[in-house]
Every structure is written in structure tokens, then in C-alpha cells.
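Peer 1: Let me give you the structure first, and then I'll get to my questions.
Just so you know, all these numbers are worked out from the coordinates, no wet-lab data involved. Nothing here was measured: the structure is a model prediction, and the numbers come from that model. Here Cβ is always computed from backbone atoms with ideal geometry, including for glycine, and neighbour counts include all displayed protein chains.
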Amino acid sequence: MKSSHQINWKKLFFTILRMAVGWHFLYEGVSKLVISNWSSYSYLANSSGPFSGLYHSIAASPHLLKVIDLLNIYGLILIGLGLFIGIFARLSAVAGALLLTLYYFAYPPFGAYLFNTGEGHLFIVDKLFIETAVLLFLAFYKEHGFGIDYLIDLIRIKTGKKVPGDNIDVTYSGSRREALKNLATLPVLGIMGFLAAQNNRKYGIDVMSGATIQLKQSAIGELKGTLPTGKIGDHVLSRMVLGGNLIGGWAHSRDLIYVPELFKAYNSERKIYETLILAEKAGVNAINIGFPTNALIAKYKKTTGSKIKVISQVHPDMEKNDYFVNINKAIDFGVDIVQVQGNWCDWLVRDNKIEVIGKMLDRIRSQKYTAGLAAHSVESLIACENIGIIPDYYMKTMHHDKYWSAHPREFRHAFEVDGEEYLDHNRFHNNMFCLFPERTVEFVNKAKVPVMGYKVLAAGAIEPKDGFKWAFDNGADFICVGMFDFQIVKDVNICLEVLNGITDRKREWYG
């Protein structure tokens, strides 16, 4: 027979374990209760699990959503209280396990949904899984620790209404000390509640505290339609393509020297995965990336099973006279379309090595891949066309110059993009990418292959509605837009609005 000393230590362990889980539930519930207009809408609408249809349908019903919000808030509070003070502890543990199971399958950490979880890159076993296992253990194990349930059992035994169970020490069943032990959870709850209130008064409610909170993002349910598509070669692409610069850390930030590092810090691997998943959900089915990003995107596709179309920019190795090395590597990475990089097209034309561009396009086509040609300077594309070098599609910087940091037209020079950056405010300083917009429009409107406009917002200097409209009105068949995760749904909606309202476009749609 075990001594009372051993039994008390055992009960103390289970009490602490039960209270710890209970506090988590209670804090989550109270946090949501005091947050003005808290709703589970975004969490449900962005669900990506195998049962996401159920969660999405709840989010789509305002009346049902209101009920779910109330059940969520007060369910967390009641479960938390039950576990913390040990009243209806078994029922609370079962209810808590069921609730966490619903959270778990909203963003399950396995398969294609792995990188859309809120708890990091975990496989199957995450925090929700572990906490659910603990609750099930508490529900089915005979020992629950000190609490109101245990005190009620003691009282019922003393009055002869209950036969002592294996988990009840009859030696102390009538002692005042035993009663105080079982009531000790109440002052502990008061102390923790007071300290939490003091902490929140000083620092604010921790709205990122747990299982039902997700990074705030525009919900898929806010989309206003489906992006139209077009074809480049044999590939069906959304009219808006995700740009890769923000993901790769390339920021055209003028003289704001901290911005590139800020981009890299924000776009961690997890954040990149979240951004890509959200973009695909929003109907953006393609991404145009710089060559160094190929390894990451290949990993993303392999890990999640993504079908996103990958357009890889490539450049020659001029030091080794190897024009095809990166074409071959991009194909090995499993990309869908291969495109000669814009700055390299400019440099090769500028340096009278235009024949390299033709050889690269021929090599891409010989491998049965769609071959694209990008440029910042329209002179590059004109020069290529003049000698018969015509790709399967063009990618051209397309933006107007009606924004503050655009330097005066009389000081602009062909091929200066990606060249020297001047301190003279009248000269180029990483601030402009379509130097002569009217010449670009003239070239694009004569082009007989699809055109993808990029830098349509002049790297953040032009409002999306203005930039998108200008590019599509002036002949772009597709636009390539760098977007952070929190911009995607809004930009897709703007693109839909612009495409649905086009009246001034003169060029026929290609692709």
C-alpha cells in the first residue's frame, strides 16, 4: 500500500498538469472576450485542411459564425475554469480534447497543409496534438489531483453517499486540511488572474497567444471573383503572376538602405510558404523568380504538392563562355518556363553581344521549353526584334512616370537601369525601371507575342489600381506583381476590378 506522502506528491503532479492546461484555455477565452469585435472568421475562411469546406461554410454564414464565436469564447472559458479548479474535470478534459481536435484539422501539420500551420514546420505532432493527448490522459486516468471534484467526493463519502474509490484517501477524507488543499486552486486562480490583468494593463492583451489565433490576413472569402487566365506557350497562367523579388530579398528601395534586410527578415522560409499557399488559394497560379530562388521553390513544391507554374529567370556565365549552364540547372529544378533575365538582356545588347541572347533562346526551345525574353530598356527588345530574335513572350517593365521619385525625362539614358546610381537627384538612383513609357507602349502594341508587364508599380511608387490599369490599358497581357502575404487578396480584387472595367485597350489580347 502506498503511503499518504507518495499519494500527495502524485496528486500534486496531476493538479499542476491539469491547472496548466486549464489556464491556457481560460486565458485564450478571456482574451477573445475582451478583444473588441473578435471573430473566428479569418481563421475559418483560411482553413486549408482536408475538411476545409466545413470551416469555409461556417465562415460564409454570418448567423452560424456568430454562434461559433460565442461557443468558442465561452467554451474556452468554461473548459479552462473546469480544468483549473477541478470541477467537472473529466467532462472538461473531453470537451477540451474535442475542441482542440477541431483546431488541429483546420490547419493540419501534414501533407500539402504542413506549411500553413500556425505552429511552425512540424509533422503530425504539434502543440495541439500534444495538448489533446494530455487532456485525453486526464479524462481517462482515475487520478485528477486536488480540486472541487475531489472535495465533493470527500464530502459524499463522509455523509455515506459514496463508496471510496482507489483514488481517494479515506484516512484524510474528513480533515479540514484536506478540504483546504482542494480549495487551494481558487486563490491560485485569483493570483494568476490578477497578475495577468496587471500584465495586460501594461502591455496589452496577447492576441497571438494560442490555438485559435492566426496571423491577421485578408480572408479568401473576401475575394470578389476568379482571376482570368491566358496562355503562354502551352501553359495556362493567371493574368496576374506573383513576382519573386520580395521573396528573394531584392528590394528596389531607392535610398532606403535598410529595406532589403527588412524584406529578408520578414520573408522567412515559413512566411514564403504561407505567401505562396495564399497566392494559390487566391487564384494566382504562377510565379516569376530570380534564379537563386529556384531551390526554395522546388522544395516548396515537393513538400506541399503545389502545382504553381514556375517561370525561372536565367543568365549566362560570360566568364566561362557558358551561356547555357543556368538554363540546364533551371530545368533540373523542374521549372515550367525559362526566361532570359531582364538586366542581362540589357547588358548583352549594350555590350554588342546580342547573339548570346539568340543562342540562349534557341537552347531553351531545343529543350522543349517556352522561351521568354525580359528587359528594362525597350531599346534591347527593339534591337533583338530588328535582327529576328523573337521569343515566345516578352517581359517588359511597364509603368508610367507620374510619381514623385521619377527623375526628369531629359536626364534619362537608355540602359541606365541596373547601372550606376547617382547622388544627383536628376539622375538614376534605383528609382525608375521603364525610362521611356511611350516608347514601351509603342513597342508592346506592335508585338505579336504575349507580353508580361513587370515593375508595373515602379517598385511601390504607384498605387496598384493605377499601375494595373496603365499596364493592361497599354497592351500587357499579364502583369507580374511582387506582393507580401497581406497584400495578395486585396491586389487580386483590384486586378479583377481593373480587368472588368477595361475600355481603353487598343491591342488585342494575346495568349
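Peer 1: Per 0.36 nm of contour for each residue apart, how much would the distance between Phe436 and Arg156 grow if the chain were fully extended, relative to their Cα-Cα spacing?
Peer 2: Contour length minus the Cα-Cα distance gives 91.9 nm.
Peer 1: So how compact is the range 353-417: Cα radius of gyration and Dmax in angstrom?
Peer 2: Answer for the range 353-417, Rg first and Dmax second: 14.6, 45 Å.
Peer 1: In which sequence would Met318, Met19 go, from the one with the fewest C-beta neighbours within 10 Å to the one with the most?
Peer 2: Neighbour counts put them in this order, fewest first: Met318, Met19.
Peer 1: May I pose another question? Modelling each spin label as a point 7 Å along the Cα-to-Cβ direction, I'd like the Leu71/Glu508 distance in nm, to one decimal.
Peer 2: Here the modelled spin labels are 5.6 nm apart.
Peer 1: Taking 0.36 nm per residue of sequence separation and subtracting the Cα-Cα distance, how much length would be gained by fully extending the chain between Glu421 and Asp351, in nm to one decimal?
Peer 2: 23.3 nm
Peer 1: Could you state the angle between the C-alpha long axis of helix 148-158 and the longest principal axis of the C-alpha atoms of the chain, as a value from 0 to 90 degrees rounded to the nearest 10?
Peer 2: 20
Peer 1: Considering only DSSP beta bridges where both residues belong to the chain, give the percentage that are antiparallel (nearest 5).
Peer 2: 15
Peer 1: Cα convex hull of the range 1-70: mean projected area in nm², to one decimal?
Peer 2: Spelled out: convex hull of the Cα atoms, projected over all directions, averaged, 7.7 nm².
Peer 1: Right, something else. Which one is right for this structure if Cα Rg over 2.2 N^0.38 Å is calculated from it: (i) 1.09; (ii) 1.47; (iii) 1.30?
Peer 2: (iii)
Peer 1: Could I ask something else about it? Go ahead and estimate [θ] at 222 nm for the chain from helices alone: -39,500 (n - 2.57) per DSSP H run with n ≥ 4, summed, over the residue count, rounded to 500.
Peer 2: -15000 deg cm²/dmol
Peer 1: Where does each of Lys506, Lys455 land when they are ranked from fewest to most other beta-carbon atoms within 10 angstrom?
Peer 2: With the fewest neighbours first, Lys506, Lys455 line up as Lys506, Lys455.
Peer 1: Please express the shape of the range 239-500 as an equivalent ellipsoid: the semi-axes are the square roots of 5 times the eigenvalues of the C-alpha gyration tensor, given largest first in whole angstrom.
Peer 2: Values for the range 239-500, descending: 25, 24, 18 Å.
Peer 1: Given R₀ = 56 Å, FRET efficiency for Asp234-Leu33 by Cβ-Cβ distance, to 0.05?
Peer 2: In this case the efficiency is close to 0.55.
Peer 1: For a quick protection proxy, order the peptides 371-384, 95-108, 354-367 by their average other-Cβ count within 10 Å, most packed first.
Peer 2: So the order, starting with the most tightly packed, is 371-384, 95-108, 354-367.
Peer 1: A further question follows. Counting other beta carbons within 10 Å of each Cβ, put Lys32, Lys446 in order, fewest first.
Peer 2: Lys446, Lys32
Peer 1: Can you give the FRET efficiency to the nearest 0.05 for Ala197 and Leu102, using r as the Cβ-Cβ distance and R₀ = 22 Å?
Peer 2: The value I calculate is 0.15.
Peer 1: Could I have the simple spin-label model distance between Lys302 and Trp9, label points 7 Å from Cα toward Cβ, reported in nm to one decimal?
Peer 2: In this crude spin-label approximation the distance works out to 5.0 nm.
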